[in-house]
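Since the structure comes first, as structure tokens, the remarks are kept for the end.
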Amino acid sequence: MNFGQAISTCFSRYATFSGRAARPEFWWFFLFQILVSIAASMLGDIVAGLVSLALLLPALAVGARRLHDIGKSGWWQLIMLTVIGLLLLIYWWVQPGSSDASD
């Protein structure tokens, strides 16, 4: 999956929390979020806030689908509220998907 396909897939499944997301889909969308957020912050605080709100739901959805791909519940994303939890999530997100993970 390339950059364009990943962005297209994430926006076509904007609020779909079921299913799976492969590593390339997740990480390409993550890169897209960073690039768009940097560009929006150069345009002003209001634009940056609107962009952040617009990208929040698809980011949570692709994160949940990525966790499903490794056999974890999407609810594990709640631990990103802590620094230790964020490090654990990053570790899980870089793991290869399992063929027996449930949705």
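The values are calculated or read from the model by the stated rules, or taken from the named source; none is laboratory data. Being a predicted model, the structure only gives us computed values, none of them experimental. Don't worry about glycine lacking a Cβ; one is built from the backbone with ideal geometry, like all the others, and counts go over all protein chains shown.
Of note:
- No other residue among Met1, Met42 is within 24 Å of Ser98 (Cα to Cα) and either outside any loop (DSSP other than H, G, I, E, B) or in contact with a Pro (Cβ under 7 Å, 6 or more places away or on another chain) (or both) apart from Met1.
- Put simply, of Gly63, Gly71 the only residue that is closer than 20 Å to Arg13 by Cβ and assigned to a loop (DSSP other than H, G, I, E, B) is Gly71.
- Filtering region 81-103 to residues that are touching a helix residue (DSSP H, G or I) at 6+ places or on another chain (Cβ under 6 Å), assigned to a helix (DSSP H, G or I), exposed (fewer than 15 other Cβ atoms within 10 Å of the Cβ) and not small (Gly, Ala, Ser) leaves only Leu86.
- Residues that are part of a helix (DSSP H, G or I) and touching a residue at least 40 places away in the same chain (Cβ under 8 Å) were ranked within region 4-24; the one that is nearest to Gly97 (Cα to Cα) is Arg23.
- Any chance Gln95 is at pLDDT 95 or above and of a type outside the set (Gly, Ala, Ser): no
- Total residues in region 56-103, condition of a type in the set (Lys, Arg) and free of Cβ contacts under 8 Å to residues at least 40 places away in the same chain: 1
- Looking across Ala48, Ala61, Ala39, Ala22, one residue alone is at pLDDT below 95 and aliphatic (A, V, I, L, M). It is Ala22.
- Where a residue in region 26-52 is touching a residue at least 24 places away in the same chain (Cβ under 8 Å) and its partner, wherever it lies, is among the aromatic types (Phe, Trp, Tyr) and surrounded by fewer than 16 Cβ atoms within 10 Å (Cβ to Cβ), with Cβ under 6 Å and at least six apart: Trp28/Phe3
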